[in-house]
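Each value in this text was obtained by applying a stated rule to the coordinates, not by laboratory testing. Computed from a prediction, not measured in an experiment: that's the story for all the values here. Please note: Cβ atoms are built from the backbone with ideal geometry, for glycine as well, and neighbour counts cover all protein chains shown.
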Amino acid sequence: MFNTKQAVSRLLPVCVAVSFMTGCTTVMQNQTYGDYEQKITSGELDAAVEMAINEAEVDAKTGEAEDLLWSLEAGALLRMKSSYKQSTAFFDDAEFLMKAEDTEDVAGKAVDGIGSMLLNDTAADYEQAHYDGIMANSYKALNFMFEGDVANARVEWNRVDDRQRRAANDFADKIAKQKEELQKEAEDKNKAEQTQKSVSEAEKIMASQGVDFSEWKAYEDYVNPFSTYMHGLFFMLNAQGRSDFGKAYESFQRAAAMTGNKIAKADLALADSLRKGRKSIKKVKPTVWVVFENGLGPKREEFRIDLPVFLLSNNVKYTGIALPKLVERDQAYPALNVAGTSTEVLSEMDRVVKAEFKAEFPYILSREVARAVVKTIAQKQLNDQSQVAGILGAVAQMATTGADLRMWNSLPKDFQLARISKPKDGKLTITAEGMVAPLTVELDPKAQFSVVYVRAVSPQAAPAVDVLDI
Amino acid sequence: MKLKTAAGIALSALVLTGCATNKTYYVDQATGQTTSQETVAGLNYRDFANAANEMVQTMLTNPRLQHPNADKGAVYIVAVSDIINDTTQRIDTDQLAKKIRIDLLNSGRFMTTTAVGLHGAEDQLTEKVRQLKNSSLINQKTVKGNNKVIAPDFSLSGKIIQRNFQISGSKQEINYYLQLTMTNLENGLAYWEGEVPIVKKGDGRSVSW
């Protein structure tokens, strides 16, 4: 006679092994990203760079990175070391991989779809967020600016502009499509009733977890005001003709309207005078812009709902869904103090990331619920054949249920800005609440304009400071 | 990636994909219709060659660009100024300038100076060889003298602009404008200006670069 208890005790190690072999998605992701974050925040920049480059899977023959997400990480960290050429190379590879992802054919998408339906979203290739592309091009543009390569910086800022336009179009399409789908479903009440029931159940549980989307609001047209502002600053300071002052004016106008930042407003007024020919750029008094890239943006954490559920019966041992949620991280410093003034927030990366996550979430949720339904039905069918098979199915389902925690982890929490008159001796001292030692910066006293770029990840890690004299 | 590629190939055999629709074609500017002439989303050699040819033809028919003593073999000297790449593509604008310079030189009406440029001489040897004056190694009779280098009459400057328009979720129209100006350096007036638009339509699922 079949002894279930014996069978379970024999099979349990196998089940545990299976659960590990299938990935233990969340454990692995948490370990990797936790390790990476620890390196960045504790100031082990070289170790973090090494890790990112290893994970980026650089092909020994072509020299090109094959992992999109880690190419972005490597590019961002290499900037902090002023390794601009290497940083740009990783961002170039990332852009190439983004394009491949965008233009993936039906077969490729089908493989991603099948893989992720059987396991979880991490089985599919990482699909970039719009802000990933916008920030990759922004960082590349800054790399070129700080290398003094104005021609290539111009190309990258134009790319930023095009990506922001594409993002606005895409979100508008997405929102229209969601409305249409909701309308269709309202018309056909029987359709996907089970899924709908689960979705509303999950939303309730999420609300109890403190995830409230209603407070997450995008900047206008899902634009990142930092990139828009810096686009304006580049074209104002490197104008080759009056139309460039016009470009600067338009960008400052947009950034000022979105953020109310007083420096953006002052730059808007200046660009207006320049584009109208009321003022010559040569007559503008020597000025320093301090750009502060502060702390770390949100990260993803798993949020698991071991379901109650709709499908639960005695024939099912486990069912559940795992979703990502965004967890905010800290600023490095509240602000930087320089020459009697303080930097003020220009753009919150948190807000940019949250807005896009919110727009994407209905898709993540419906995919996960649909996946749970498929897996649970399979488990029930296995259980109908034998209890042992059912248990195996339950373990496999538990092991493969995991949220996709992949996202660009080294982006900042916010971008801040200050503008001051250029000191005659070209020396600046930057302090901040909680900063161990003040930063001293030397500017070229002969340059009319300077941009001081400070990247501080945490109070424990030494800030990276770069100077651009124009 | 490799596993995925292999699986993708296997699936491709089963799934008939409409790949042809993702290609880029020129758009006929008169009708606005997509032509059957395939191209790339960026600017390629053919785009530069055609644009240069079209522009030089209009320069040659412009009487203001004809030297008054042309019948005696006199030519105008052109210095190449900035051609700004204001697109999303990494373009070497020298490529366009070079094509135009060759066509202008071949026309017999212009010559380009490499001794004078916006950011310094394109060929610094014109200046450096004059430093051989004190070299005991060099036959001094062959050293080029001062007061010989010819100053330019015209400056060639320009800009390449790009505008992208999303037509639908999967298509985009990419407009390029190649603009050039010949400025008379005597009086600062633009004696000739030309613009060649190039319109393409292609895959809109991703960026055009």
Practice problem: For the range A:350-358, just list the computed ³J(HN,Hα) in residue order, Karplus coefficients 6.51, -1.76 and 1.60, θ = phi - 60°, integers in Hz, with x standing in for Gly and Pro. | Solution: 3, 5, 5, 5, 4, 4, 6, 4, 4
Self-check item: 10 Å Cβ neighbours from other chains, averaged over peptide B:154-163
Solution: 1
Quiz prompt | Low-density loop positions, trypsin sites (Lys or Arg not before Pro), the range A:388-469 - DSSP coil, at most 16 other Cβ in 10 Å | solution = A:Lys424, A:Lys446
Exercise. Taking the Cβ of A:Gly393 as the centre, find all other residues whose Cβ is under 12 Å away and add up their charges (Lys, Arg: +1; Asp, Glu: -1).
Key: +2
Quiz prompt | chain A: angle of helix A:242-259 to the longest principal axis, Cα-based, in degrees nearest 10 | solution = 50 degrees
Quiz item: Once Rh for chain A is found with the Kirkwood sum over Cα pairs, what is the Stokes-Einstein diffusion coefficient at 10 °C and 1.306 mPa s, in µm²/s?
Solution: 65 µm²/s
Self-check item: Relative exposure of A:Leu182, A:Leu142, judged by other C-beta atoms within 10 Å (fewest first)
Solution: A:Leu182, A:Leu142
Quiz item: Quick one: B:Ser208, A:Ser251, B:Ser170, fewest Cβ neighbours within 10 Å first, how do they rank?
Solution: B:Ser170, B:Ser208, A:Ser251
Quiz item: Percent antiparallel among DSSP beta bridges with both residues in chain B, to the nearest 5?
Solution: 75 percent
Practice problem: Note down the net charge around B:Lys171, summing +1 for each Lys or Arg and -1 for each Asp or Glu among other residues with Cβ under 12 Å from its Cβ. | Solution: +2
Quiz item: Could you give the distance between the Cα centres of the range B:168-192 and the range A:258-276, to the whole Å?
Solution: 28 Å
Quiz item: Over all residues in A:96-108, what is the mean tally of Cβ atoms on other chains that come within 10 Å of each residue's Cβ?
Solution: 5
Quiz item: Given just the C-alpha atoms of the range A:224-284, how large is their convex hull per residue in cubic angstrom?
Solution: 63 Å³
Exercise. Find, among the trypsin sites (Lys or Arg not before Pro) in the range B:138-209, those assigned to loop by DSSP (not H, G, I, E, B) with at most 16 other beta-carbon atoms within 10 angstrom.
Key: B:Lys144, B:Lys148, B:Arg205
Practice problem: Which order do the peptides B:87-100, A:223-236, A:157-170, B:62-75 take when ranked by the mean count of other beta-carbon atoms within 10 Å per residue, highest first? | Solution: A:223-236, A:157-170, B:87-100, B:62-75
Quiz prompt | A:Ser347, A:Ser342, B:Ser157 arranged by Cβ crowding within 10 Å, fewest neighbours leading | solution = A:Ser342, B:Ser157, A:Ser347
Self-check item: Label point 7 Å beyond Cα of A:Ser342 along Cβ direction - residues of the range A:272-299 with amide nitrogen under 17 Å
Solution: A:290-295
Quiz prompt | Cα-projected label distance for A:Glu328 with A:Glu220, points at 7 Å along beta-carbon direction, nm | solution = 2.4 nm
Practice problem: Compute the long axis of helix A:68-80 from its Cα atoms, compare it with the longest principal axis of the Cα atoms of chain A, and write down the angle in degrees, 0 to 90, nearest 10. | Solution: 30 degrees
Practice problem: Would you mind pulling out the separation of the Cα centroids of the range B:93-154 and the range A:114-130, in Å? | Solution: 59 Å
Quiz item: Averaged over A:144-153, how many beta carbons belonging to a partner chain fall within 10 Å of each residue's beta carbon?
Solution: 1
Quiz item: What helices does chain B have that are whole DSSP H segments, at least 18 Å long along their own axis by Cα, and with mean Kyte-Doolittle hydropathy of 1.0 or more?
Solution: B:2-14
Quiz prompt | Under the Debye formula (equal points on every Cα, no solvent term), log10 I(q)/I(0) of the range A:63-113 at q = 0.27 Å⁻¹ | solution = -0.92
